[in-house]
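Have a look at the structure below, then the notes.
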Amino acid sequence: MSRTLFLATVLSTVLLAATSASAQEPRATASEVVVVSGRVERIDAFSRGLTLKSADGLEHVVYVGPELAVFSEIKTGDNVVVRIVESVIVEARPGARTTGVLDTTAAAKKEPEAAQGDVLQQLKAVVTIVSVDLPTQMVVYKGADNRQVQRQVRDPRLLDGLKAGDVIEITFTRERAIDLQRQR
């Protein structure tokens, strides 16, 4: 192999590795405490899970760790307020193919940094940005099915540097309850 061809091959490999490494660094992350209120539909004492139905009819499954002793006092039909930790990670994925929503909960629970039971749900999707409106914190994106989805983003840091045409991977993780209160 000629020296020029060898150097070109090495340079291409280094550039590809550098591009791959930078594509895997999170563009933005946001963790926040979210409050969910609703009526207790189901209690799973073994897994310490509560299924709540909110006023808008949505069901939420929440893991309540053993540090919250009030769990043993909760009954089906009780109205409760739960504070949970949710995080969103946005990573640039130039050249990636868009996907539908993938449930990656099982893999997330096996990660060394995930404490037992901390990760309740994790969803991922690779999407293409259609538009970003910073003043209203609105983003429009489309996934593999080509449907456009419009979302308001709570944390404006997630929109930093995003523009139409960017391909990103969104990872949404819902973790355990950090507070549980029964409403009277």
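Every read-out reported here was derived from the displayed coordinates using simple, explicitly stated rules and does not represent laboratory data. Note that the coordinates shown come from a computational prediction; the quantities given were computed from them, not determined experimentally. Virtual Cβ from ideal backbone geometry, glycine too; neighbours counted across all protein chains shown.
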Search the structure for amide H atoms under 5 Å from the amide H of ASP179, placed 1.01 Å from N in the peptide plane, and list their residues when 5 or more places away or on another chain. ARG83
Principal axis lengths of segment 44-126 from Cα atoms, whole Å, largest first? 51, 33, 18
So for the pair SER72, LYS110, with labels modelled 7 Å out along Cα→Cβ, what separation do we get in nm? 3.5
With the crude spin-label approximation of a point 7 Å out along Cα→Cβ, what separation in nm comes out for GLN150 versus ASP179? 3.3
With a bin width of 5 angstrom, please list the P(r) values of segment 37-184 as percents of all Cα-Cα pairs, from the 0 bin to the one holding the largest distance. 2, 9, 16, 17, 15, 14, 13, 9, 5, 1, 0
